[in-house]
Each structure stands twice: as C-alpha cells, then as structure tokens.
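A.B. asks: Sending over a structure as structure tokens; questions will come in a sec.
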Amino acid sequence: MKISQITLRHLRMKLKSPFETSFGSIATRDCVLIEAQMDDITGWGECVADRDPGYSYETAGTVWHVLKDFLAPIIIEGDISTPHDFHPMVDKIRGHLMAKSGLEMALWDIWGKLEKRSLREIIGGTRTRVDVGVSVGIQPQTEALVKTVGNYLNQGYQRIKIKIKPGRDVHETQAVRHAFPDIRLQVDANSAYTLETAERLLPLDEFGLLLIEQPLGEDDLWDHSQLQRRFRTPICLDESILTMRHTRQAIEMVACRVINIKTGRVGGLSQAIAIHDLCSQHHIPVWCGGMLETGVGRAANLALASLPNFTLPGDISATDRYYDEDITDQCFILNPDSTIDVPALPGLGITINAHALDRVTIDRLRISYA
Ligand code: OSB
Ligand code: MG
C-alpha cells in the first residue's frame, strides 16, 4: 500500500443538543478527518480528539500537529503491506493515540477496498448487527433527565447510560431507576471522583446498574482496584485503558470487571482488537464506547463491536441522536430491537457527502511528497 497523499480536515459539527459531562458541556463537536490516497482508492479515518483537552490530553490541534509533522511523513514514505504494520511503524512516537488511530483507520478503509471485503469480515466480526444504547449527558434538572431518558426509550434504545458528576449522581440515578425500574442502566463519571469522594456513590450499588464507568482518575488503576472491592456493581474502565499493558494490569489487580474499548483511545483498530482478545481470554466482557463520531468513526465502531466478546451494548447510537446532517451519505438507523446494522460494503462501507463535508470544514491541509 503506497500512500501518495494525505489530506487533513478540521471539522466542527453542531450537535442537535448540547452534551454535558463531568468535564464540561459542548454544543459543537470538533474532529480531524483524514483522507488518504492510494492510486485511485481513497481511505477515510476520524481522529476523535475534541477541541479541548477534557476527556484526553489530545485535542484537534495536537492531532493536527502530530499527523502533519510526524505520522504522515512516516506513512507517505513507508512501506505498508497491511494495516497491522502501522502500529509498529509509529510506536516510536510516544502517546498521541487518537492521532494514530485516525490514520490507521484510513489504512483499514483502503485495505478493505483493495480486498473487496468489509471491515467486519476482515477483522473476523461475527455479528451483522450489534446491540446499542444511548449515552445521555448531564441535564439541567432531574425532571429533564427522566424526560430525556423516556424519549430515548420511546425511540427504542434498550440500554441507557447517564453521565454523573459530584452533586449530580445518586439522586439522579435513583430518579431514573424509579421511573424505569426494568431498563438496562449504567452511569459514567468521566474521572470526576477520588477514592474518598467516591464513598458517596455507594448507594448506587442498590440500583441494579450494569456498571459504573470510570469513577476515578485516568492514571489511577490502583485506587480503582480499592474501589471495586467496595462495590458489588462492576466498575468499568474507559479513560484508564490506553494500552495492552494497562489492560493486563487492570485485570490482574481487579481494577475493573468490564472494559470500554474505543479505537481512538487505544491507538487504533489493531490495538482495540488485541485488547478485546486479551479481555476475552480473561472472561472480562467489553463494549464499544463512543466519542460522538461522524459516520466515518461510527462505521468503524460498528465493525469493532461485531467481534464476539463485545457482549454489552455499545455507545453507538443512530445518526439522528447526534446530528441533523452527517458527512457520510449513509445514515445509521436504530432497528426496533435496539441494534444497528454493521456496514457490509468494502472497507468502512461509507461514502462521503462532499457538500456536507465542505459545510463543516474549518481548516484543510494537503500533504504529499512527490
Ligand atoms: O466517556 O464515553 C465517554 C463522549 C465524549 C467523550 C467521552 C465519552 C462520550 C460519551 C458519548 O459517552 C458516547 C457516544 O458517542 O454516544
Ligand atoms: Mg466514558
């Protein structure tokens, strides 16, 4: 695979409604879209870093810098036979996993188109549709939260995740559980607590939650292991799991009993698959997290979630949960059984709507070495 040209686009897309987490609220979502050219084949990839370093230290700005100055030169000059070559090639560049993941995704897309196989087929995904849920941001009032959850349930989502933060946790979760006693419910704190302040979350153990996601700091496997001993409910790690080593150590010290896998967070699909396989060997269920992706990243998430050990519903909602207009021609829709179909066309299985893309592009850079 000889990549002759890479185009970066900084996108800013208006969300249908603001999304609030413990690290802030956003009305628009940024990302860096990658277009990689190999002969007459175009591959697309999405870097999920947002404008601000809230969820991760990476931002659209750092991703841009690292792609332009370090990753693109390696790939354009490099000799790649399959996307599996990518991770070792860029391993000398420390961190910047979201930048790496976006570029690797474009290579997977090209690879699939060359092989005329869907990403699901290439990675050995066993399902053609995957169970999904919806991630509900922090709402201004508890009544609004219950109403919003009710709306999503009416749309057919059978698993609800609510975002929590200190002061907006037990009461909110209790209200949702009281209104909807039988739903599959989970919470996500996005690192907002410490071992001490997480004591106040102990009542959550009575609400029959599927899991409690990332209560403590991203660099804090040890305290998560202490916290997991105090809860019957499984703790699930998101921000803390960036590498295979983190995964192994989290499993060994029982810092969690479930893992959320995001390709962006772990540096790409090849690493996401490796983490999936390791968890599978240790009987740790995994599920596919989301980063409010465009149709490009969403297509990759659906393929990933088709692997066998993705046994919990993913944060992969329908396009209309996020955006009025997406940049892909394809629109992902929720089936009545709370699933979404995995794309079946070669590669990611998506095509780009050039006009829609132009409307949300705020910066563009073409990189090629003749
Ligand atoms: O922690 O899972 C998270 C969105 C942005 C950053 C972090 C997270 C999220 C979500 C949204 O929960 C999931 C989705 O894409 O629907
Ligand atoms: Mg999370």
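The values are calculated or read from the model by the stated rules, or taken from the named source; none is laboratory data. A quick note: this is a predicted structure, and the numbers were derived from the prediction, not measured. Here Cβ is always computed from backbone atoms with ideal geometry, including for glycine, and neighbour counts include all displayed protein chains. All accessible areas refer to the heavy atoms of the entire protein, side chains included, with ligands and DNA or RNA removed. Shrake-Rupley method; radii C 1.70, N 1.55, O 1.52, S 1.80 Å.
A.B. asks: Collect the residues in the stretch 314-370 that are of a type in the set (Lys, Arg) and within 25 Å of ILE261 (Cα to Cα), keeping them in residue-number order.
C.D. replies: Of everything in the stretch 314-370, just one residue is of a type in the set (Lys, Arg) and within 25 Å of ILE261 (Cα to Cα), namely ARG321.
A.B. asks: Right, something else. For the stretch 20-36, what are the residues that are part of a strand (DSSP E or B), in contact (Cβ under 8 Å) with a residue 60 or more places away in the chain and farther than 20 Å from ASN301 by Cα?
C.D. replies: GLU20, THR21, SER25
A.B. asks: Scan (1) open to solvent by less than 40 Å² (accessible area, probe 1.4 Å); (2) within 16 Å of ligand 1 (Cβ to nearest atom); (3) over 17 Å from the mean Cα position of the chain (by Cα) for the single condition GLU46 breaks and write down its number.
C.D. replies: Of everything listed in (1) open to solvent by less than 40 Å² (accessible area, probe 1.4 Å); (2) within 16 Å of ligand 1 (Cβ to nearest atom); (3) over 17 Å from the mean Cα position of the chain (by Cα), GLU46 misses just condition (3).
A.B. asks: Against the definition (over 18 Å from the mean Cα position of the chain (by Cα), at pLDDT 95 or above and within 16 Å of ligand 1 (Cβ to nearest atom)), how does ALA27 come out, yes or no? Don't jump to the end; show me each part of the working.
C.D. replies: Values: over 18 Å from the mean Cα position of the chain (by Cα): yes; at pLDDT 95 or above: yes; within 16 Å of ligand 1 (Cβ to nearest atom): yes.
Answer is yes for this residue.
A.B. asks: Residues of the stretch 207-232 being surrounded by fewer than 20 Cβ atoms within 10 Å (Cβ to Cβ), in a loop (DSSP other than H, G, I, E, B) and in contact (Cβ under 8 Å) with a residue 24 or more places away in the chain, which ones?
C.D. replies: Selection gives PHE207, GLY208, GLY217, GLU218, ARG229, ARG230, PHE231, ARG232.
A.B. asks: For HIS282, are the conditions met, namely being out of contact with any Ser or Thr (no Cβ under 7 Å at 6 or more places or on another chain), more than 14 Å from ligand 2 (Cβ to nearest atom) and either open to solvent by 10 Å² or more (accessible area, probe 1.4 Å) or polar (S, T, N, Q) (or both)? Give the steps one after another, and end with the answer.
C.D. replies: Details: out of contact with any Ser or Thr (no Cβ under 7 Å at 6 or more places or on another chain): yes; more than 14 Å from ligand 2 (Cβ to nearest atom): yes; either open to solvent by 10 Å² or more (accessible area, probe 1.4 Å) or polar (S, T, N, Q) (or both): yes.
Yes.
A.B. asks: Report those helices (runs of 4 or more DSSP H) wholly inside the stretch 113-206 carrying at least 3 residues which are within 21 Å of the chain's Cα centre (by Cα) and touching a residue at least 24 places away in the same chain (Cβ under 8 Å).
C.D. replies: So the answer is 119-123.
A.B. asks: Kindly indicate which of MET89, MET13, MET1 is assigned to a helix (DSSP H, G or I) and either more than 16 Å from ligand 2 (Cβ to nearest atom) or not hydroxyl-bearing (Ser, Thr, Tyr) (or both).
C.D. replies: Exactly one of MET89, MET13, MET1 is assigned to a helix (DSSP H, G or I) and either more than 16 Å from ligand 2 (Cβ to nearest atom) or not hydroxyl-bearing (Ser, Thr, Tyr) (or both), namely MET89.
A.B. asks: How about the stretch 264-279: which of its residues are open to solvent by 10 Å² or more (accessible area, probe 1.4 Å) and of a type in the set (Val, Ile, Thr)?
C.D. replies: Of everything in the stretch 264-279, just one residue is open to solvent by 10 Å² or more (accessible area, probe 1.4 Å) and of a type in the set (Val, Ile, Thr), namely ILE273.
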